[in-house]
Amino acid sequence: MCGIVGYWGPEKPKKVILDGLRSLEYRGYDSAGVAIFDSSKLKVVRSPGKLSQLEEKIKSSEFTGPSGIGHTRWATHGAPNEKNAHPHKVGSIAVVHNGIIENYIEIKEKLAKKKIMPSSDTDSELIAHLLSLECKKGKNLLEATLNVIPQLRGAYSILVVNEDEPDTLLAFKNATPMLVGIGEKEIIIASDVQAFISRTNRVAYLEDGEIVLSKKGQVKFFNVRGQEITNKKIHEVKWNSVMAEKAGFDHFMQKEIFEQPQALRQTMESHVDHDSMTVKLKPTGLTDAQFKKFSRIQLIACGTAWHAALVAKYFFERVTKISTQVDIASEFRYGHSILEKDTLVIVVTQSGETADTLACLRLCKKEGHKTLAVVNVPHSSIDRESHGRLYTNAGPEIGVCSTKAFTSQIVALQLLALHMARLRKSCKVTEIQEHVRALLELPSQVEVCLNHDKWFKEAALSLTAYRGFLYIGRGVNYPVALEGALKLKEITYLHAEGYPSGELKHGPIALVDSSMAVVAMASKDELYEKNVSNIEEVRARGAQIIAIGTEDDAHLRRLSRHYLSIPKATWATNSILMAIPVQLLSYHVAVALKRDVDQPRNLAKSVTVE
Ligand code: AGP
């Protein structure tokens, strides 16, 4: 989960590389560094902490170029300090790396036999040593790389420069993302399109096992056997840099919370048939015949995406009548799960690069199952490797804390379920039309929910006084309770747990006293009365109730210390409306606690290591 940028071109590399790293800081931000040519010398400068500390260190440094590489780190091996920061330079070679070298101990022992003792605690430095050994035998960068790759095991991508070849950049991709931006007179190699989208939208996506070699701006692609790949596709990406900027908000997370009405419109547009008021998905890569044939659904995801998948289970089973299983990717991949033959495997992911989710996709494909990705980032690894895809089209989500991705994933999954229900005639057309109307109302209903922003901003500081938070809900609101707790944990660092309301009396209620806040999601649905009973139970034990209910629910208001309303919606779309207040709660409490909202400690936006 690191940010990598490399540049070759007529401009001074420092600015291009730092701009690129800044746009990738959400991928990791505990240390940073650059290796940039200054005349014929390859100068390396590294710094612990945020990118701003590196910028301060090199603000007066002039690097003539023509090329250089940079890195912003999320530490895996070795503490986040200057010694372990990338790039790692050994001899004429400088390397930046994203991922994990699983056989690094074996390599370290092999180097020790040659009396080579690394100066850092990282697995990345070992790659520089191996490449340097090859170059000392007279190999050029491509030859050296082809000899070193077979010695490495793990999920990793590398970007390399050689002091003896100033006009050359080389990158190798295996599991973690690496893209090539092809400008008019410049080449930018990076972990994500954000790093260069303001300079070029012409992009080549490296596949696993591919090498890109850029020499004086001439780009060639090779496989690990050194054979040139002559038909590499160059994409024209539709995103622009403005979409990825803050647009006047204080944080990306805040912007993305407020982008949700538009994001949901983008998720739905072109899939809803307004004449029939049903769903006719744009081509996904799977056929209608296949959608009719599936007898099981297996949803797989991590974190917030897993919560969205949990919401979807209720919906799929209600409208498609297909048994639906949901698993966390890191459990599924080692769980020896038995999937029925005609299972549709749906992987849900914002980034399309989550290592565990990608591994599950590959496992299920290998076992012959049809796969479909519900994904936000076009051309990401999971997008490219799935049989079918349904884009959430939410636009770039930069804040580590996922918000618009969550709600757009739920909508996308409901669109998919309604498309399948229409084909399979598994529920009445009138029921499908009711769900479609409810979805089409969502963007304006979300706008209404966003009006709670002011209340949360004013109440935030008082909310920090609680010892802990329990989030409770039933049915589709249970996964939203999990999501609300995750939001709070990951950006305020306060402790929170999400539970099915009915589960409290099986243990968690022992936590409840007057120092505990209970965020209770009790929309007016078929489970309302049950939920209210559970709220009474915790209230009787002193819990401070923050209730979220449908419109003006006087009874719920009376039970609550704080009551927030959401518009009247259906049992299915309540889950999306409930998400807005819990997102706002977490955001404003984090701001009140002066947390680093967009780059919370210990986290990264895309978990590309397992
Ligand atoms: C959510 O706020 C977190 N950032 C995290 O749980 C995230 O949802 C998870 O890592 C999955 O990421 P993905 O959707 O990109 O696969």
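The values are calculated or read from the model by the stated rules, or taken from the named source; none is laboratory data. These figures come from a predicted structure and were not determined experimentally. Virtual Cβ from ideal backbone geometry, glycine too; neighbours counted across all protein chains shown. To get the accessible areas, we keep the full protein, side chains included, count just its heavy atoms, and leave off ligands, DNA and RNA. Shrake-Rupley method; radii C 1.70, N 1.55, O 1.52, S 1.80 Å.
Just grab the label-to-label distance for Q218 and K568, each label 7 Å out from Cα along the Cβ direction, in nm (one decimal).
According to this spin-label approximation, the distance is 7.1 nm.
Compute, for the chain, the length of the dipole vector about the Cα centre, with Cβ point charges of +1 (Lys, Arg) and -1 (Asp, Glu) only. Units Debye, rounded to 20. Walk me through the intermediate numbers first.
Values: 78 positive and 70 negative charges, 150 e Å.
Its charge dipole is roughly 720 debye.
Among K185/K605; K43/K215; K313/K425, which pairs are too far apart, with a Cα-Cα distance over 22 Å? Mind showing how you got there, number by number?
Numbers: K185/K605 31 Å; K43/K215 20 Å; K313/K425 18 Å.
From the list (K185/K605; K43/K215; K313/K425), the Cα-Cα distance tops 22 Å for K185/K605.
With all pairs of different alpha carbon atoms counted, what Kirkwood hydrodynamic radius in Å does the range 460-549 show?
Working: mean 1/r = 0.0785 Å⁻¹.
Computed over Cα pairs of the range 460-549, the Kirkwood hydrodynamic radius comes out at 12.7 Å.
Quick check on my link table: of K255/K594; K280/K568; K83/K108; K115/K173, which ones sit more than 21 Å apart, alpha carbon to alpha carbon? Mind showing how you got there, number by number?
Numbers: K255/K594 18 Å; K280/K568 26 Å; K83/K108 17 Å; K115/K173 29 Å.
Too far apart for the 21 Å limit: K280/K568; K115/K173.
Going 7 Å from the Cα of E458 along its beta-carbon direction, which residues of the range 543-573 have the amide nitrogen within less than 19 Å of the resulting point?
545-549, 552-553, 557-558, 560-566
Report the trypsin sites (Lys or Arg not before Pro) located in the range 293-400 that are in a DSSP loop and have at most 14 other Cβ atoms inside 10 Å of their Cβ, or state none. Please list the in-between numbers first.
Working: sites: K293, R296, K313, R318, K321, R333, K341, R362, K365, K366, K370, R384, R389; in loops: K321, R333, K341.
Those that pass, being in a loop and sparsely packed, are K321, K341.
Distance between the C-alpha centers of the range 80-134 and the range 158-200? Whole Å please.
Distance between centres, Cα-based: 21 Å.
Roughly how big is the range 454-539's charge dipole about its Cα centre, with Cβ charges of +1 (Lys, Arg) and -1 (Asp, Glu), in debye to the nearest 20? Could you put the intermediate results ahead of the total?
Details: 10 positive and 11 negative charges, 48 e Å.
The calculated dipole for the range 454-539 is roughly 220 debye.
P(r) for the chain, please, calculated from all Cα pair distances in 10 Å bins and given in %.
Bin by bin from 0 Å, the calculated values are 3, 17, 25, 24, 17, 10, 3, 0, 0.
What residues from the range 500-521 fall in the zone where the backbone N is under 14 Å from a label point 7 Å along the Cα-to-C-beta line of R561?
512-520
Work out, step by step, the length gained on full extension between R296 and H77: first 0.36 nm times the residue separation, then minus their alpha carbon distance; give nm to one decimal. Don't skip to the answer; put the middle values down first.
Values: separation 219, 0.36 × 219 = 78.84 nm, distance 4.02 nm.
Length difference between fully extended and current span is 74.8 nm.
How big is the equivalent ellipsoid of the range 80-160 along its three axes, where each semi-axis is √(5λ) from the Cα gyration tensor, reported in whole Å from largest to smallest? Write down the numbers at each step before the final one.
Values: eigenvalues 59, 39, 36 Å².
So the equivalent ellipsoid measures 17, 14, 13 Å along its semi-axes.
Shape call for the range 142-194 from the C-alpha gyration tensor, a ≥ b ≥ c root eigenvalues: rounded (a/c under 1.5), prolate (a/b greater than b/c) or oblate?
Verdict is oblate for the range 142-194.
Probe of 1.4 angstrom, ligands and nucleic acids ignored: what's the accessible area per residue over the chain, in square angstrom? Mind dumping the intermediate values first?
Numbers: 23060 Å² over 610 residues.
Ligands and nucleic acids excluded, the figure is 38 Å² per residue.
Give the distance, in whole Å, between the Cα centre of the range 446-466 and the Cα centre of the range 587-610.
Each part reduced to its Cα centre gives a spacing of 19 Å.
Which listed residue (L488, V400, H419) has the Cα farthest towards the positive end of the charge dipole for the range 398-492, taking +1 on Lys and Arg C-beta and -1 on Asp and Glu C-beta about the Cα centre?
Comparing the listed Cα positions along the dipole, H419 ranks first.
Per residue and in cubic angstrom, what volume does the convex hull of the Cα atoms of the range 379-483 have? Please report the intermediate quantities before stating the final value.
Values: hull volume 16.4 nm³, N = 105.
So the per-residue hull volume is 157 Å³.
Can you work out the FRET efficiency for the pair S323 and W239, with r the C-beta to C-beta distance and R0 = 45 Å, to the nearest 0.05?
Details: r = 38 Å, r/R0 = 0.83.
That pair, S323 with W239, gives E of 0.75.
Near K89, which aspartates and glutamates are there with a Cα under 16 Å away, not counting those fewer than 8 places off in the same chain?
Leaving aside aspartates and glutamates fewer than 8 places away in the same chain, those within reach of K89 are D38, D121, D123, E125, E134, E163, D164, E165.
As a test of understanding, state the convex hull volume per residue of the range 513-606 from its alpha carbons, in Å³. Write out the running numbers ahead of the final one.
On the way: hull volume 11.8 nm³, N = 94.
Spread over its residues, the Cα hull of the range 513-606 gives 126 Å³ apiece.
Need the C-alpha centroid separation for the range 327-362 versus the range 382-422, integer Å.
Their Cα centres are 15 Å away from one another.
Could you tell me the largest-minus-smallest coordinate of the C-alpha atoms of the range 299-405 on each of the three principal axes, in descending order and whole angstroms?
That works out to 37, 30, 23 Å along the principal axes.
So which GluC sites (Glu not before Pro) in the range 350-438 are both in a DSSP loop and have at most 16 other Cβ atoms within 10 Å of their Cβ?
Details: sites: E353, E367, E385, E397, E431, E434; in loops: E353, E367, E397.
Those that pass, being in a loop and sparsely packed, are E367.
Taking only complete DSSP H runs, can you tell me which helices of the chain stretch 27 Å or more along their own long axis by Cα positions and average at least 1.0 on the Kyte-Doolittle scale? List each step's numbers first, then the result.
On the way: long enough: 404-424 (30 Å, 0.71); 429-450 (32 Å, 0.41); 574-592 (28 Å, 1.35).
Passing helices, by number: 574-592.
Using packing as a proxy for protection, rank 593-603, 200-210 so that the peptide with the highest average count of other Cβ atoms within 10 Å comes first. If you can, show how the numbers build up before the last one.
On the way: 593-603: 16.5, 200-210: 18.5.
Ranking, from highest mean packing down: 200-210, 593-603.
Could I have the simple spin-label model distance between K280 and E143, label points 7 Å from Cα toward Cβ, reported in nm to one decimal?
My value for the distance between the label points is 6.0 nm.
Quick check: at a probe of 1.4 Å, how many percent of the accessible area of the chain sits on carbon and sulfur atoms? If you can, show how the numbers build up before the last one.
On the way: 11740 of 23060 Å².
It is 51 percent, rounded to a whole number.
So for the chain, taking the charge dipole from beta-carbon charges (+1 Lys/Arg, -1 Asp/Glu), which of P600, P567, P283 sits furthest toward the positive end?
With unit charges placed on the Cβ atoms, the residue in question is P283.
Return the loop-located trypsin sites (Lys or Arg not before Pro) in the range 227-291 (DSSP other than H, G, I, E, B) with at most 11 other Cβ atoms within 10 Å of their own Cβ; answer none if there are none. Please list the in-between numbers first.
Details: sites: K232, K233, K238, K246, K255, R265, K280; in loops: K232, K233, K238, K246, K280.
Counting only loop positions with at most 11 other Cβ atoms within 10 Å, the trypsin sites (Lys or Arg not before Pro) in the range 227-291 are K233, K238.
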